[in-house]
Amino acid sequence: MSFAALAGFVVGALAVLFYRNQIEAPSRTAANDGVETGTALPQGVASVLAVLPSSAVVLDAHDRVLRASSAARAFGLVKGERLMAAELLALARQVRRDGEIRESEIDVAGHKFGQETTSFAVRVAPLGSHGQVLVLAEDQTERRRVEAVRRDFVANVSHELKTPVGALSLLAETIQDAADDPEAVTRFAGRMQLETARLNYLVQDLITLSRIQGAEPIPTPGQVSIDEAVNDAVDHCNTRAAARDIALVTGGTSGLRIWGDDELLVTALRNLIDNAVAYSPEHTRVVVSVRPAGDSVEISVSDQGIGIPEEALERIFERFFRVDAARSRATGGTGLGLAIVKHVAAAHAGEVSVWSKEGSGSTFTLRLPAFGGTAVAVPPSIPLEAAK
């Protein structure tokens, strides 16, 4: 049920309670209940407000809070008998004056640590005939954040797709005009192959990211050999590394396992190794090491590359974020590799971290829960199925 529908239902239900209370039980006096005449809450209203997931506040004719849900107090909308949000108070007074239901969206100072503002969808309605007003506020902060991420994602995808598609269109026209020049046709056909490969990588990364970014659990997890995953990823990256005389070195503890998806793990490792190769000078090396860490397995990919500026470290796992956009595109990067790594780690209930210093290289570390709860090496002679 949407917030508007829920708010409408609540307003209607409370209005019925107020109306019924006025007919069946006249307002008690201040001497009887310690509350000003006409400001007591009807029986049942408190119970309705208590079960609402959104913030709910009932104000009397003098803007005093008669009842506030725990959510309203937790968000800092209410303190004691006061409504703290000035915009909400102004809306309540307007509703009290003209008796019309009002809806709005407001931002208030964030009540949670690290959160600057909290966004609320608000519905304010009159209750009864004694100037009482109901305020309903639904936290929309996360929804707004998701919408902003979606808009940015669509804009970035559109921009990234335009580059290879535009290049392919231009190259096709060029080849058509150079039909009588075999050398030019060969040269431009090679460029078209590169752009097609870039487009293919982007589409594949988008598919992979859409598969895992929903934070849903892996549908069919199983035992995954870290040795096999590392070897598969290294094999995939060997050609590109060899072309730049970059040695791919593996080491650490053998025989470790995790519980998860081998294809996703290989994808994450491949992205880390490809990234290390792309940003490393020629004639250097990239090291992939594995070690047990209590109830987890740590897989590190270290390079001797250019490093990452400190101000960029917090953003490198964002989709389409590039420290050096020109270099990334020149190496065929899609800007999605590290975002995929982050989501693969999350899908395995793990995490990814990075250490980097400009001019000294970078180390990315995947920390994933070990199979069986403890990182124990299994001799290679024992099949995974038997190692239980």
TODO: Could you check, for the stretch 255-272, whether at least one of its residues is surrounded by fewer than 20 Cβ atoms within 10 Å (Cβ to Cβ), modelled with pLDDT of 90 or more and closer than 22 Å to Glu358 by Cα?
DONE: no
Open item on the list: Name the single residue that is surrounded by the fewest Cβ atoms within 10 Å (Cβ to Cβ) among those in the stretch 170-214 being free of Cβ contacts under 8 Å to residues at least 40 places away in the same chain and β-branched (Val, Ile, Thr).
Closed with: Ile207
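Just for the stretch 302-350: of the residues that are among the charged types (D, E, K, R) and over 17 Å from the mean Cα position of the chain (by Cα), which one is modelled with the highest pLDDT? Full working, then the answer.
Residues of the stretch 302-350 that are among the charged types (D, E, K, R), as a first pass: 303, 310-311, 314-315, 318-319, 322, 324, 327, 329, 342.
Subsequent filtering for residues that are over 17 Å from the mean Cα position of the chain (by Cα) retains 303, 310-311, 322, 324, 327, 329.
Details: Asp303: 94, Glu310: 85, Glu311: 83, Arg322: 68, Asp324: 63, Arg327: 53, Arg329: 54.
Checked the stretch 302-350; the qualifying residue modelled with the highest pLDDT is Asp303.
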TODO: Considering every residue within the stretch 219-239, establish whether at least one is part of a helix (DSSP H, G or I), in the same structural domain as Gly260 (by TED's automatic domain parsing) and more than 21 Å from Ile299 (Cα to Cα).
DONE: yes
Open item on the list: Residue pairs, Cβ under 7 Å, 6 or more apart or interchain, first in the stretch 229-243 and surrounded by 15 or more Cβ atoms within 10 Å (Cβ to Cβ), second of a type in the set (S, T, N, Q). List them.
Closed with: Val230/Thr250; Val234/Thr250
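Among residues belonging to the stretch 215-227 that are exposed (fewer than 15 other Cβ atoms within 10 Å of the Cβ) and at pLDDT 70 or above, point out the one that is nearest to Gly252 (Cα to Cα). Talk me through it step by step, then tell me what you get.
We begin by selecting, within the stretch 215-227, every residue exposed (fewer than 15 other Cβ atoms within 10 Å of the Cβ); these are 215-217, 219-220, 222.
Next cut, at pLDDT 70 or above only: 220, 222.
Working: Thr220: 28, Gly222: 23 Å.
Among those that are exposed (fewer than 15 other Cβ atoms within 10 Å of the Cβ) and at pLDDT 70 or above, it is Gly222.
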Task: Residues (farther than 14 Å from Thr250 by Cβ and either at pLDDT 95 or above or not in a strand (DSSP E or B) (or both)) located in the stretch 278-296 - done: Ala278, Tyr279, Ser280, Pro281, Glu282, His283, Thr284, Gly294, Asp295
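Regarding Asp274, is this residue outside any helix (DSSP H, G or I), among the charged types (D, E, K, R) and in contact (Cβ under 8 Å) with a residue 12 or more places away in the chain?
Details: outside any helix (DSSP H, G or I): no; among the charged types (D, E, K, R): yes; in contact (Cβ under 8 Å) with a residue 12 or more places away in the chain: yes.
No: the conditions fail for Asp274.
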- [ ] For residues that are of a type outside the set (S, T, N, Q), in a loop (DSSP other than H, G, I, E, B) and crowded, with 17+ Cβ neighbours inside 10 Å, tally how many sit in the stretch 297-317.
- [x] 7
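The values are calculated or read from the model by the stated rules, or taken from the named source; none is laboratory data. In this text the structure is predicted, and so the values were computed from the model without any measurement. Glycine also receives a Cβ, built like all others from the backbone with ideal geometry; neighbour counts cover every protein chain displayed.
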